[in-house]
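The next block holds one structure in the form of structure tokens; read it before the comments.
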Amino acid sequence: MIFSMGYFAAIFGLLMGLSWQASGIDYDSYDEDVAALLWEYQNEAEEESSQAEGSLSAEGSLPAKGSIKPSVLVFNDVADSDTLIDFETGLVIVRATTVERLRESIVDVLLTQIDPAVIDAKTARDFGLVNSKTNRPFFWKQIVDQYGKPIAKPWRAQSFAEHLTRNPRKQNGRFSIKINMVEEHKDIAGGKYIKYARAASRDHNVSLSMMMAIMETESSFNPLARSRSNALGLMQIKPDTAGRDYFSIIKGYRHTPSSSYLYKPANNIEVAAGYLHILQTRYLAGIKHPKKREYAMISSYNGGAGNLWRSLDRRGNKTKSLARINKMSVRQFYWFLTNRHIRRETRDYLKKVSSKQQKYINL
């Protein structure tokens, strides 16, 4: 479907001007988890609004917009309805101008496939409802109704929507509800991608448990994740760095993958596995112990190999850095990476991935 530049300008104005009642959210009136997510989104919206003028591209498309964080999807963001999905906490917030519209929005999110081939990942405004192959929506078993039953049929989604909207909260002219996913929602979500990860890990000789732990840490299994730095999809691939390396080194030709390519889970996971293989066999070659090499791969996936060398040697000399690594014990190297790496984000990242890796060790 092709839209005019005027259409996009109008929609952009609505999103910036109307979404989430930009100037008057009373955070104290919301539950703590909802208020935290709304506050974060509001600050993001205000920051983008201040930079909005002149930001439409020559083709008339909206500027690329990263979400609050990769685990959060801004879904069905239109003038009369807003939905935020936090894949990390398992929280869904739905708001609308009328109770009737609120029910419709609830049904939409309960039945959606969130299929990158169907939904425009930049605006998340189109819906691909129940998958004809599986007859199951995206949140099958991750969200259950008031009776604890998984939701697959329109009648059950409508019944749950009516249950949720009996006493909706009204604030700033909008009705709102929250839906909590089941406690094991991330286990269910991750299960959708294990087959892709297993095949890619085998093809590129990288650890399956490491790949699944990276996936959970990067996106909490949000297939439409997009960071502010334009890292895309489940494994948060940057097209012009990891994506380009994958095609140049693994495939043998120069190419920068498109966002639509990287939003497809199988492609995203394949590129990530290929890039991990490149880290293992090229950029980090020379690290002798396999566990130390794995820690270096995880750290470099987040912070780059160059920052690893600069953490070990002031001038970033790879030869000297490798000598230091190979003299350390596995425990000493892990301590170094989680305490002395020059990037705080990378120090924390390794802790998160290595702790999550334990639950995938027996896959």
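The values are calculated or read from the model by the stated rules, or taken from the named source; none is laboratory data. In this text the structure is predicted, and so the values were computed from the model without any measurement. Here the Cβ positions follow ideal geometry from the backbone for every residue, glycine too, while neighbour counts run over all protein chains shown.
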### Query
Could you give every pair whose Cβ atoms fall below 6 Å, whose first residue belongs to region 89-103 and is under 8 Å from I177 (Cα atoms), and whose second residue is acidic (D, E), counting only separations of at least 6 or pairs across chains?
R95/D82
## Note on the structure
Sole miss for R314 among (1) closer than 17 Å to K352 by Cα; (2) out of contact with any Ser or Thr (no Cβ under 9 Å at 6 or more places or on another chain) is condition (1)
### Task
All but one of (1) surrounded by fewer than 18 Cβ atoms within 10 Å (Cβ to Cβ); (2) in contact with a Lys or Arg (Cβ under 8 Å, 6 or more places away or on another chain) hold for T241, so report the exception by its number.
(2)
#### Entry: Filter result for the condition that a residue is touching a Lys or Arg at 6+ places or on another chain (Cβ under 8 Å), over 22 Å from P70 (Cβ atoms) and either outside the structural domain of I237 (by TED's automatic domain parsing) or surrounded by fewer than 18 Cβ atoms within 10 Å (Cβ to Cβ) (or both), over G316, G306
G316
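Could you tell me which residue of region 253-301 is surrounded by the fewest Cβ atoms within 10 Å (Cβ to Cβ), considering only residues that are polar (S, T, N, Q) and touching a residue at least 60 places away in the same chain (Cβ under 8 Å)?
We begin by selecting, within region 253-301, every residue polar (S, T, N, Q); these are 256, 258-260, 267-268, 280-281, 299-300.
Still in the list and also touching a residue at least 60 places away in the same chain (Cβ under 8 Å): 259-260, 280.
Details: S259: 18, S260: 13, Q280: 21.
Going through the qualifying residues, I end up with S260.
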#### Entry: Pairs, first closer than 17 Å to E218 by Cα in region 183-203, second among the acidic types (D, E), C-beta under 9 Å, six or more apart
K186/E88; K186/E216; A189/E216; G190/E216; Y196/E270
### Message
I'd like the residue in region 322-363 that is surrounded by 18 or more Cβ atoms within 10 Å (Cβ to Cβ) and farther than 15 Å from M297 by Cα and, out of all such residues, is farthest from the chain's Cα centre (by Cα).
### Response
Y360
### Query
Quick check: anything in region 196-205 part of a loop (DSSP other than H, G, I, E, B) and either at pLDDT 95 or above or in contact with a Ser or Thr (Cβ under 9 Å, 6 or more places away or on another chain) (or both)?
yes
